[in-house]
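The values are calculated or read from the model by the stated rules, or taken from the named source; none is laboratory data. The model shown is predicted, which means the values in this text are computed figures rather than measured ones. Here the Cβ is made from the backbone with ideal geometry for all residues, glycine too, and neighbour counts use every protein chain on show. SASA here: full protein model, heavy atoms, side chains in, ligands and nucleic acids out. Shrake-Rupley method; radii C 1.70, N 1.55, O 1.52, S 1.80 Å.
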Amino acid sequence: ATGPQKALQGFERMRSRVHDAVRNDWAAESSTQKWVTNLVGTGIRPRVKSKPHRAIWAMFVKTAGADGVLDVYGLQVLTGRALFDGGEAFLRRRPRRATSPLDIPVQVQVIEGEYCPMFDADTWPGLPEGNKIQQGIERDRYGQRTAYWFYKEHPGDGNVAPGRDQLIRVAASQVAHVYEVKRPGQLRGISPLATILLRLREAGD
């Protein structure tokens, strides 16, 4: 009878174990590669009839990655891996200045689920009155997502885990939360590999 949010208790440890399996277990890594290949293939491409719009898309494809490394199709693969590996991914729109050297002044940043900590709060610095934070997601009194709370850097890259005073608020209009909703009201995603972790470990042993 556990609800969709309470069922995610221990979610962060489970996600860490999935990451470890993908890094160190050939079967987990192979599953990830095959799943992403079936999902993305050579790239999910829009069908645009307008020539001007096709030209705009072609310009955006090359410089879409916020870190300057991946194009649109590389971002699709990266998002697919994050979705299968961590159960979710956040795509953040990063508007750029019109004076930037980019032909299209907007880029996309793929963010792993660890950036958005699993915490609840009814009051928080910068939290609008009447809004609440549940599992790192801010919602208004109607249940609509209004913002996400992210660490500035990956919490697993530093020597000390960052405190929640280092969280920044990003409007929901700038973020696409990619995950599979398996239960009504579910806020965060779970990796498909989570259900076979024990079998993977037994096979490895």
request  = Quick one: which residues, 5 or more positions from residue 146 or on another chain, have an amide H under 5 Å from its amide H? H modelled 1.01 Å from N in the peptide plane, none for Pro or chain starts.
outcome  = 138, 139, 140
ask   = What percent does the relative contact order of the range 82-159 come to when contacts are Cα pairs within less than 8 Å and at least six residues apart?
value = 22 percent
query = Under 5 Å between amide H atoms, partner at least 5 residues away or on a different chain: which partners does residue 87 have, H built in plane at 1.01 Å?
reply = 191
query = In percent, what relative contact order does the chain have, based on Cα pairs under 8 Å that are 6 or more apart in sequence?
reply = 23 percent
request  = Could you give the size of the charge dipole of the range 1-155 about its Cα centre, using +1 on the Cβ of each K and R and -1 on the Cβ of each D and E, expressed in debye and rounded to the nearest 20?
outcome  = 840 debye
request  = Could you check which residue among 180, 129, 112 shows the biggest mean-square fluctuation in a GNM of the chain with a 10 Å Cα cutoff?
outcome  = 129
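Kindly report the accessible area of the chain per residue (heavy atoms of protein chains, probe 1.4 Å, no ligands, DNA or RNA), in Å².
63 Å²
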inquiry  = Taking 35 Å as R0, compute the FRET efficiency from the Cβ-Cβ separation of residue 62 and residue 12 and round it to 0.05.
reply    = 0.45
query = ³J(HN,Hα) across the range 193-198 via Karplus (A = 6.51, B = -1.76, C = 1.60, θ = phi - 60°), whole Hz, x for Gly/Pro?
reply = 6, 4, 6, 10, 4, 5
ask   = Roughly speaking, to the nearest percent, how much of the range 35-114's 1.4 Å accessible area is carbon and sulfur?
value = 58 percent
20 Å Cα-Cα reach of residue 152 towards aspartates and glutamates, excluding residues that sit fewer than 8 places from it in its own chain = 12, 67, 88, 112, 114, 120, 138, 165
message = Given R₀ = 30 Å, what would the calculated FRET efficiency be for residue 195 paired with residue 96, taking r from the Cβ atoms and rounding to 0.05?
response = 0.15
key: Vicinal HN-Hα couplings computed from phi for the range 76-89 (Karplus, 6.51 cos²θ - 1.76 cosθ + 1.60; Hz; Gly/Pro x)   = 5, 5, 4, 5, x, 5, 5, 5, 7, 6, x, x, 6, 8
ask   = Residue by residue through the range 118-126, which ³J(HN,Hα) values in whole Hz follow from phi under the Karplus form 6.51 cos²θ - 1.76 cosθ + 1.60 (θ = phi - 60°), with glycine and proline marked x?
value = 7, 9, 10, 7, 8, 9, 6, x, x
request  = Provide the solvent-accessible area of residue 157, counting protein heavy atoms only and rolling a 1.4 Å probe, rounded to the nearest 10 Å².
outcome  = 130 Å²
ask   = lysines near residue 182 by alpha-carbon distance under 27 Å, same-chain residues fewer than 8 away left out - which ones?
value = 6, 34, 132
